[in-house]
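The values are calculated or read from the model by the stated rules, or taken from the named source; none is laboratory data. The structure presented is a predicted model; accordingly, all values stated were derived computationally and were not measured. Counting neighbours? That spans all protein chains shown, and the Cβs are built from the backbone with ideal geometry, glycine included. The area values use the complete protein model at the heavy-atom level, side chains included, leaving out ligands, DNA and RNA. Shrake-Rupley method; radii C 1.70, N 1.55, O 1.52, S 1.80 Å.
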Amino acid sequence: LAPGDTYTSPWVVATHGWGLDQAASRIHEWLRGRPTHPRTPRPVTLNAWEAVYFDHSLDRLLALVDAAATVGVERFVLDDGWFSSRRDDTSGLGDWVVSPEVWPDGLAPLADAVHAHGMQFGLWFEPEMVNPDSQLACAHPDWILSPASHRPQEARHQQVLDLHNPAAFDHVLTQMLAVLDSTRIDYVKWDFNRDLLEARSPLTGRPSLHAQTLATYALMDAVLAAHPALEIESCAGGGGRIDLGVMERCVRVWASDCIDPLERQGIEAGTALLLPPEVVGSHIASPTSHTTGRTLGLATRASTAILSHLGIEWDLSTATAADLRELSAWVGLHREL
């Protein structure tokens with residue numbers, strides 16, 4: 001700190017209990033008492049990521065929307081790949097403009113179809129991040145968190161934007177609001193897919209992890225101020241954006257991209273020490289897990305997912321009629337409870 005500077009640390013929150021169940025229950029009770037905690041029934045969510053990945057075709061997605069509505073889904077989320085040159089994970093990140101090649105009529109045809117079924121429409125963003133192969137990085141290399149001597153090691157072909165820089169902050173906010181203003185979007189899946197390595201601000205010359213976190217909170221606050229009915233899910237590699245500051249702004253977290261239920265049972269047991277299950281997304285995966293290769297029956301996959309905020313991440317066009325009937329029953333049970 002320079003003379004006269006002050007530093008405010010993150011909160012320290014503690015509890016106690018006879019065993020982990022009681023200690024976790026006290027944290028849950030406290031979190032549920034905050035005014036920002038969700039008060040409405042949690043909508044069953046279908047995320048299209050493992051169904052289509054980057055292969056965004058309106059016809060294919062409309063078929064998925066119809067299948068989702070048939071089994072009782074209440075929210076449909078379009079994941080990564082809708083913007084700029086983002087046809088894979090090597091380019092386009094940071095350019096938050098709807099791709100005219102993939103979506104010549106914008107996102108409205110998909111969003112309108114989702115809303116016509118009575119479902120909410122959600123969209124994926126990763127506002128802190130940028131691909132070096134992007135218009136943003138080419139125009140403003142000085143907006144990337146980086147030491148003076150070299151770039152930090154890339155992870156997932158991406159670097160981190162210095163959101164503490166007002167110009168970078170305003171640019172991201174302006175692009176996000178333009179998308180949110182152009183189409184009726186009810187929900188944002190807000191991702192964070194790499195660690196903050198060598199996070200030095202070129203603007204200030206100082207380490208920036210703390211300032212970056214506060215700037216991310218401020219960006220969420222600005223988006224919510226413009227769209228107060230919007231709900232945000234914090235999705236974070238390694239839990240890097242799942243904390244009690246984020247939970248003041250987000251109503252759901254994505255605990256892991258690994259949806260194998262045997263893995264998820266351990267992941268969610270740990271997550272539940274802090275977060276109540278209604279804010280932890282847990283999806284019914286494909287019969288064969290995309291991350292582990294393990295094949296498991298629908299009863300195992302669904303009975304794990306229903307213990308948290310139930311969702312689906314499965315190409316339902318490949319499901320049998322019997323699978324869809326059973327899946328509808330699980331969705332109906334979640335909605336009943």
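Which one is surrounded by the most Cβ atoms within 10 Å (Cβ to Cβ), of the residues in the range 96-111 that are free of Cβ contacts under 8 Å to residues at least 60 places away in the same chain and of a type outside the set (S, T, N, Q)?
Looking at residues that are free of Cβ contacts under 8 Å to residues at least 60 places away in the same chain and of a type outside the set (S, T, N, Q), I get 110.
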Check 93, 123 and return the single one that is closer than 18 Å to residue 54 by Cα, outside any loop (DSSP other than H, G, I, E, B) and of a type outside the set (Ser, Thr, Tyr).
123
I need the full set of residues from the range 249-279 which are in contact with a Phe, Trp or Tyr (Cβ under 9 Å, 6 or more places away or on another chain) and at pLDDT below 95, in order please.
257
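Given the criteria on the phi > 0 side of the Ramachandran plot and either small (Gly, Ala, Ser) or touching a residue at least 24 places away in the same chain (Cβ under 8 Å) (or both), does residue 157 qualify? Spell out how you get there, then give the answer.
Numbers: on the phi > 0 side of the Ramachandran plot: yes; either small (Gly, Ala, Ser) or touching a residue at least 24 places away in the same chain (Cβ under 8 Å) (or both): yes.
Answer is yes for this residue.
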Suppose we filter the range 134-160 for residues that are in a loop (DSSP other than H, G, I, E, B), of a type in the set (A, V, I, L, M) and open to solvent by 50 Å² or more (accessible area, probe 1.4 Å); how many remain?
1
Residue that is farthest from the chain's Cα centre (by Cα) [pool: residues in the range 85-95 that are open to solvent by less than 10 Å² (accessible area, probe 1.4 Å) and among the small types (Gly, Ala, Ser)]:
92
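May I ask you to verify whether residue 310 is open to solvent by 30 Å² or more (accessible area, probe 1.4 Å) and either of a type in the set (A, V, I, L, M) or in contact (Cβ under 8 Å) with a residue 12 or more places away in the chain (or both)?
So residue 310 fails the test.
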Among the residues of the range 161-183, write down those that are of a type in the set (Gly, Ala, Ser) and either closer than 19 Å to residue 82 by Cβ or open to solvent by 30 Å² or more (accessible area, probe 1.4 Å) (or both).
167, 178, 182
For residue 68, only one of the following conditions fails: (1) more than 20 Å from the chain's Cα centre (by Cα); (2) closer than 23 Å to residue 280 by Cβ. What is its number?
(1)
Scope the range 39-84; condition polar (S, T, N, Q) and buried (at least 17 other Cβ atoms within 10 Å of the Cβ); matching residues:
45, 47, 84
Within the group 292, 318, 300, which residue is farther than 21 Å from residue 71 by Cα and of a type in the set (Ser, Thr, Tyr)?
292
Residue 106 passes all but one of (1) of a type outside the set (Lys, Arg); (2) within 20 Å of the chain's Cα centre (by Cα); (3) under 28 Å from residue 225 (Cβ atoms); which number fails?
(2)
If you scan the range 184-236, which residues turn out to be at pLDDT 95 or above, open to solvent by 20 Å² or more (accessible area, probe 1.4 Å) and in contact with a helix residue (DSSP H, G or I) (Cβ under 6 Å, 6 or more places away or on another chain)?
184, 202, 222, 226, 227
Could you check the range 201-251 and list, in sequence order, the residues that are under 13 Å from residue 160 (Cβ atoms), of a type in the set (Ser, Thr, Tyr) and part of a helix (DSSP H, G or I)?
213, 216
Just one listed residue, out of 310, 275, is within 28 Å of residue 119 (Cβ to Cβ) and part of a strand (DSSP E or B), and it is 310
Scanning the range 50-59 residue by residue, those in contact (Cβ under 8 Å) with a residue 40 or more places away in the chain and assigned to a helix (DSSP H, G or I) turn out to be 50, 51, 52, 58
